Each structure stands twice: as C-alpha cells, then as structure tokens.
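**Student:** If you scroll down you'll find the structure; I have some questions about it.
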Amino acid sequence: MILVIALLSPAKTLDLTKPNLNIETSKPIFISEAEVIMNNLKELEIQDLCPLMKISEDLGVQTFTKIQDWNTIYYGDEKPFVLSFKGEAYRGLNADDFTKEDLEFCNDSLRILSGLYGALKPLDGTKAYRLEMGTKISIDGSKNLYDFWGNKIMDSVLKDLENHEEKVIINLASNEYYKSIKKIEKKVRVITPVFKERKGIEYKVVTVYAKKARGQMVRYITKNRITKSEDLKNFDLDGYEFNERLSEGDTWVFTRD
C-alpha cells in the first residue's frame with residue numbers, strides 16, 4: 001500500500017526518444033483542461049510567445065511548432081513523462097534504470113505538477129510542450145494559470161490519498177509549482193525536505209545540487225518502497241543525511257559535508 005505521495009516539478013527539456021520498454025502509458029487526467037489551454041495558445045504567433053514565455057526567437061519557433069502539433073490522441077505506447085523529462089531533478093531520479101515494478105510503484109507515489117496538465121502521473125504519455133506554471137497568461141478569463149487551475153490539482157491529489165492510512169505529502173516541488181497546490185496544507189500533512197551543502201561553518205542551499213537531490217529522494221522512495229514518511233529520515237544518497245538540529249517541524253533538512 002502506498003502511504004505517501006511526493007510532488008515534483010516538471011523539467012523544461014523533453015527527450016522523446018522511445019525507450020525499449022514494454023509498458024502501457026496513460027492519458028493525463030486533466031487532458032480536457034490541457035486542451036482548453038492549448039486552444040488558447042494556438043491563437044498566439046511566435047512574436048507573442050517569445051515575450052510571454054521569456055524565450056529566444058529560435059526557441060519561440062520550436063515552441064510554436066509544439067503547440068500547433070499538440071493533440072489529445074493517445075495510443076498507450078507514448079514515452080512516459082518520467083522518462084522524458086531531462087532536468088537536474090530527473091537526472092537525480094534516473095528512472096531510465098527502473099524496472100517495470102519500480103515504474104509502477106513510482107506511478108502511485110509521485111505526482112508531477114505541470115502548468116499545462118495540472119498533475120501528471122509518471123506513466124502518463126508524453127506530448128511535447130513548453131508551459132511553466134508561472135507564465136502570465138489568461139485562459140478563458142482567468143487571471144493566470146494558478147487561477148485557471150484553482151483547486152483542481154489539490155483535489156486530484158487528495159483523491160489519490162483517500163485510501164491511504166498515512167495522508168502525507170512529500171513536497172519536492174519548486175515554489176513556483178507548489179504554489180498551485182499550497183492550500184493542501186490545510187487538509188493533510190506536508191513534509192518539505194530541504195537539501196544543504198556545507199559552506200565553511202554553515203550549511204547552505206546550492207540550487208543545482210538541491211534540484212538533483214529532490215529527484216534522488218523520489219528515487220529513494222521508489223527503490224526502497226517507502227510507505228511511511230518517518231523512513232525518509234534514513235535517506236542517504238550522495239552523502240546526504242538527516243540533520244535533526246537544523247530541521248524544524250515538517251521542514252526536514254538533509255545536509256552533506
């Protein structure tokens with residue numbers, strides 16, 4: 001039984017090269033909402049996308065093409081999102097060497113927050129896109145994507161937790177994405193791991209290492225079949241260890257020298 005759900009941000013980079021993997025992928029639960037967002041984006045020209053998404057003209061051309069090509073047709077053989085994302089967190093997660101059983105466990109215990117899809121399961125099939133949660137775009141009269149999504153993302157995660165004995169969220173997402181679900185703190189316990197490096201006599205967050213460590217914690221949850229939040233204090237990948245002195249409440253600090 002899965003007792004905890006981890007939250008992770010998506011990555012900007014996608015690798016759509018098909019893996020040699022015999023596993024069926026799923027359609028995202030908020031595909032209808034994603035279609036609404038994409039229909040709005042399809043009305044924009046390249047010169048509109050570049051300032052909106054704060055990207056170069058070359059990237060604007062690529063993004064425009066992705067938007068125009070995007071559709072809601074799924075065949076069940078698409079590459080899973082957990083294998084497609086290629087940011088630092090996903091290098092730490094390193095799901096490429098997961099067994100089928102690992103992927104199935106990860107599919108139950110991880111939700112990837114997304115500006116386009118709301119919440120993704122790891123085995124949801126990939127469609128190329130680029131849309132950060134913090135993008136200042138109005139969709140059908142909404143103020144921004146946070147307003148558009150409202151409580152939908154939170155409600156979907158709460159539904160996933162319904163049959164769990166220990167209703168705990170492990171927040172490994174960035175502030176930009178966690179903001180879309182932050183109200184869940186009023187409903188269930190949220191543990192936020194923080195990863196710090198020794199710098200002289202202090203411990204400090206180094207962003208690139210912290211991102212990778214978030215993915216490594218998801219890997220640890222998956223490979224060790226973690227079902228109780230307390231067991232996460234044993235996380236020890238890449239030299240990290242739980243630092244009780246620096247931890248406070250449900251902000252759990254992990255440090256390495």
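**Student:** What shape does region 28-73 take by its C-alpha gyration tensor, where a ≥ b ≥ c are the square roots of the eigenvalues and a/c under 1.5 counts as rounded, a/b above b/c as prolate, and the rest as oblate?
**Tutor:** Prolate, since a/c reaches 1.5 and a/b exceeds b/c.
**Student:** Cα axis of helix 57-69 to longest principal axis of the chain: angle in degrees, 0 to 90, nearest 10?
**Tutor:** With both axes taken from Cα atoms, the answer is about 80 degrees.
**Student:** Now a separate question. Can you give me the three principal axis dimensions of the chain from its C-alpha atoms, in Å, biggest first?
**Tutor:** Answer, in whole Å and largest first: 53, 41, 36 Å.
**Student:** Let me ask something else about it. Among 213, 154, 138, whose Cα sits farthest toward the positive end of the charge dipole of region 110-246 (+1 at Cβ of Lys/Arg, -1 at Cβ of Asp/Glu, about the Cα centre)?
**Tutor:** The residue sitting most towards the positive pole is 138.
**Student:** Something else now. Can you bin region 100-147 into rounded, prolate or oblate? Criterion: square roots of the alpha carbon gyration tensor eigenvalues sorted a ≥ b ≥ c, rounded for a/c under 1.5, prolate for a/b above b/c, oblate for the rest.
**Tutor:** prolate
**Student:** Net charge near residue 211: determine it from the other residues with C-beta under 11 Å of the C-beta of residue 211, scoring Lys and Arg +1 and Asp and Glu -1. Write out the running numbers ahead of the final one.
**Tutor:** Working: positive: 91, 212, 214; negative: 88.
Residues near residue 211 contribute +2 overall.
**Student:** Evaluate Rg over Rh across region 77-193, taking Cα atoms for both radii and Kirkwood's formula for Rh.
**Tutor:** Details: Rg = 14.6 Å, Rh = 15.3 Å.
Checking Rg against Rh, the ratio lands at 0.96.
**Student:** Right, another one. Taking just the alpha-carbon atoms of region 129-254, what radius of gyration and Dmax come out, in angstrom?
**Tutor:** Rg and Dmax of region 129-254, Cα atoms, are 16.4, 52 Å.
**Student:** Sticking with the crude label model, points 7 Å out along Cα→Cβ, report the distance from residue 227 to residue 32 in nm, one decimal please.
**Tutor:** Each label point is offset 7 Å from its Cα along the Cβ direction, giving 3.5 nm.
**Student:** Return the subset of 121/223; 152/186; 127/187; 196/228 for which the Cα-Cα distance in this structure is over 20 Å, preserving the input order.
**Tutor:** Table pairs above 20 Å Cα-Cα are 127/187; 196/228.
**Student:** Counting Lys +1, Arg +1, Asp -1, Glu -1, what net charge surrounds residue 146 among other residues with beta carbon under 13 Å of its beta carbon?
**Tutor:** +3
**Student:** How much length, in nm to one decimal, is gained on full extension between residue 62 and residue 199, taken as 0.36 nm per residue of separation minus their Cα-Cα distance? Show your work: numbers first, answer last.
**Tutor:** Working: separation 137, 0.36 × 137 = 49.32 nm, distance 4.00 nm.
The residue 62-residue 199 span can extend by a further 45.3 nm.
**Student:** Would you list, by chain and number, the aspartates and glutamates whose Cα falls below 12 Å from the Cα of residue 179, excluding same-chain residues fewer than 8 positions away?
**Tutor:** Partners within reach: 147.
**Student:** Another question, then. Lys/Arg Cβ at +1, Asp/Glu Cβ at -1, dipole of region 28-73 taken about the Cα centre: which of 46, 32, 62 is farthest positive-ward?
**Tutor:** 32
**Student:** Want the number for residue 144 to residue 166: 0.36 nm per residue separation, take away the alpha-carbon distance, what's left? All intermediate terms of the calculation are to be shown ahead of the outcome.
**Tutor:** Working: separation 22, 0.36 × 22 = 7.92 nm, distance 3.30 nm.
4.6 nm is the gain from fully extending residue 144 to residue 166.
**Student:** Between residue 238 and residue 17, take the C-beta separation as r, use R0 = 22 Å, and let me know the FRET efficiency to the nearest 0.05. Don't skip to the end; give the middle numbers.
**Tutor:** Values: r = 26 Å, r/R0 = 1.20.
The calculated FRET efficiency here is 0.25.
**Student:** Can you classify region 169-218 as rounded, prolate or oblate using the Cα gyration tensor, where a ≥ b ≥ c are the square roots of its eigenvalues, rounded means a/c under 1.5, and otherwise it's prolate if a/b beats b/c and oblate if not?
**Tutor:** Here region 169-218 falls in the prolate category.
**Student:** How long are the semi-axes of the equivalent ellipsoid of region 1-96, taking √(5λ) for every eigenvalue λ of the Cα gyration tensor, in whole Å from largest down?
**Tutor:** Ellipsoid semi-axes (Å, largest first): 27, 17, 15.
Taken together, the values in this text are just the output of simple stated rules run on the coordinates, not laboratory data. Worth saying up front: this structure is predicted, and the values here are computed from it rather than measured. Cβ sites come from the backbone with ideal geometry, for glycine too, and all protein chains shown count toward neighbours.
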